[in-house]
Amino acid sequence: MKKIMIILCIVMLIPGYLFAAGGSEKAGSVGKAEEKITLDWTFWATEKELDIFCRPAIAEFEKQNPNIHINLIFIQNTDYFKQLAVDIATNNEADIVTLDTGDGISAYYNIRKGGAFIPLDDYMKEYVLSDGTELEKVDLIDSVKKDGKVVALPWFTFAAPVTIYRKSVLEKAGVNPAELSASWESYYAAAKKLTKDTNGDGKTDVYGFSHQTEGSVLLRWWTLHWLWENGGGIFPKEAAPYTADNLIWNSKENIEATEFLKKMIVECGPSGKYTVNDALNMFANGSVATMQATTWCFANLKAMMTENDYANDIGLAYFPNKGDKTPVNVTWGNPLAISSNSKHPDEAFKFIAFMHGKFAQGLQTNVPVNQEARAEYAKKNPYQAKTLDMVLEGELRQVPDIVQWRELDNIVNKSLEDAFLGAKSVKDALDWGQKEMQAVMSR
């Protein structure tokens with residue numbers, strides 16, 4: 001009888017124990033849910049872009065996840081990757097960092113032993129958002145793998161280049177837009193014809209061409225297409241082996257293409273040191289008639305131009321042909337990665353996964369990686385959609401994703417700036433760049 005009573009007491013206590021245990025776990029979960037977690041996220045977008053597709057997405061995410069706050073940290077794009085390298089080296093990077101497959105991932109991933117960003121494969125496996133988006137099916141996944149693992153999620157993509165032109169300026173000068181695409185020489189002839197002193201004061205006030213001359217990261221992107229189409233580049237077709245003796249920076253193809261581009265800049269473009277955004281401003285105010293552009297440029301132009309000019313006075317032409325060579329274009333992406341030092345990787349993944357859903361992707365002015373958001377994107381962004389279609393017709397190429405890329409990129413931009421601004425002859429500038437890059441690759 002005594003044993004029966006003990007057993008009955010134990011049985012009666014079990015539900016209470018389980019309830020207490022469940023209550024404790026539940027209380028713990030509630031406590032965790034109520035704990036406010038702040039995740040830092042670094043990005044370089046313009047204020048306009050932040051307002052259009054970053055801040056609204058963050059607001060919606062925080063509404064759905066009130067315990068998570070996203071602290072968006074803006075860093076100027078010309079300084080971003082230098083700062084990122086320093087931050088990783090000092091274990092001070094944000095929880096979530098924005099990367100650029102067009103600027104290489106290896107150089108940053110390998111700064112910290114074991115990798116600066118966490119593998120996402122287990123997180124992504126069979127992960128489906130509430131709107132049906134399957135993360136394993138987003139574009140450009142193969143471009144973000146290191147050591148066979150996915151270390152970032154492509155967020156949006158770009159395509160380049162096309163030539164943009166002011167319809168009214170070409171019409172007034174009697175230039176057929178087809179001249180911009182027919183050949184390099186026909187483009188040069190058209191740019192010369194478009195370069196004018198329109199008010200007779202002895203000063204050029206409309207230029208036929210503009211191209212970044214300031215030696216930061218975008219100079220390389222705005223120049224490599226010219227070199228590639230002429231048979232040049234950094235390595236042959238930017239393919240392995242990535243060795244010192246395989247560098248072709250001072251090749252005759254690169255010298256020829258850079259000489260041509262310098263002629264376009266000197267004879268048909270504004271003088272001095274300026275960036276792509278400076279060139280876009282001049283295009284917007286009508287003082288530049290043509291330039292190369294990519295998908296992100298149109299959001300900037302929309303903010304710079306009158307509504308009528310933006311809607312009706314921009315034309316798109318194919319990048320000019322060089323003989324019978326296939327146009328060499330590029331698509332690249334800006335993926336989001338989670339720091340291996342983040343204290344909240346689960347919450348960070350939840351955020352970057354959200355940024356790939358239809359709502360966040362639908363806010364993009366750049367090209368969504370979520371294919372299901374593309375149709376709506378094309379309706380809202382016809383210039384960007386047309387640019388993507390035009391670029392995808394050519395050969396696609398990217399710069400080599402190697403650990404030495406940051407150093408090579410700085411050398412490339414310095415040598416191009418020296419060539420375009422006349423600090424050195426084109427040959428001397430590219431010879432200097434070749435020697436410096438060989439030294440880097442020989443370490």
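The values are calculated or read from the model by the stated rules, or taken from the named source; none is laboratory data. Since we're looking at a predicted model, the values are computed, not measured. Cβ placement follows ideal geometry from the backbone for every residue including glycine, while neighbour counts extend to all protein chains displayed. Only protein heavy atoms, including side chains, enter the accessible area calculation; ligands, DNA and RNA are left aside. Shrake-Rupley method; radii C 1.70, N 1.55, O 1.52, S 1.80 Å.
Only a single criterion out of (1) surrounded by fewer than 18 Cβ atoms within 10 Å (Cβ to Cβ); (2) over 27 Å from the mean Cα position of the chain (by Cα) is not satisfied by Lys273, namely (2). Does Lys113 satisfy the criteria of being modelled with pLDDT of 95 or more, out of contact with any Phe, Trp or Tyr (no Cβ under 9 Å at 6 or more places or on another chain) and of a type in the set (Lys, Arg)? So Lys113 does not fit the description; no. Within the range 40-95, if we keep just the residues that are of a type in the set (Gly, Ala, Ser) and over 24 Å from Asn366 (Cα atoms), the residue that is nearest to the chain's Cα centre (by Cα) turns out to be Ala85. Look at (1) outside any helix (DSSP H, G or I); (2) touching a residue at least 60 places away in the same chain (Cβ under 8 Å); (3) of a type in the set (Val, Ile, Thr); (4) out of contact with any Gly (no Cβ under 8 Å at 6 or more places or on another chain) and you find that Ile164 fails only one, number (4). Of everything in the range 112-157 that's crowded, with 18+ Cβ neighbours inside 10 Å and hydroxyl-bearing (Ser, Thr, Tyr), which residue is nearest to Asn381 (Cα to Cα)? Step by step, filter the range 112-157, then rank; the result is Thr157.
Here is a yes/no grid of residues against (1) open to solvent by less than 50 Å² (accessible area, probe 1.4 Å); (2) among the hydrophobic types (A, V, I, L, M, F, W, C):
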residue: Ile352; (1), (2): yes, yes
residue: Asn366; (1), (2): yes, no
residue: Ala373; (1), (2): yes, yes
residue: Glu376; (1), (2): no, no
residue: Lys380; (1), (2): no, no
residue: Glu395; (1), (2): no, no
residue: Pro400; (1), (2): yes, no
residue: Ile411; (1), (2): yes, yes
residue: Gly422; (1), (2): yes, no
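You will find that of Thr290, Thr331, the residue that is open to solvent by less than 50 Å² (accessible area, probe 1.4 Å), within 24 Å of the chain's Cα centre (by Cα) and modelled with pLDDT under 95 is Thr331 and no other. Return the residues of the range 185-194 that are surrounded by fewer than 19 Cβ atoms within 10 Å (Cβ to Cβ) and either touching a residue at least 60 places away in the same chain (Cβ under 8 Å) or assigned to a loop (DSSP other than H, G, I, E, B) (or both); say none if nothing qualifies. Passing the criteria: Ser186, Lys192.
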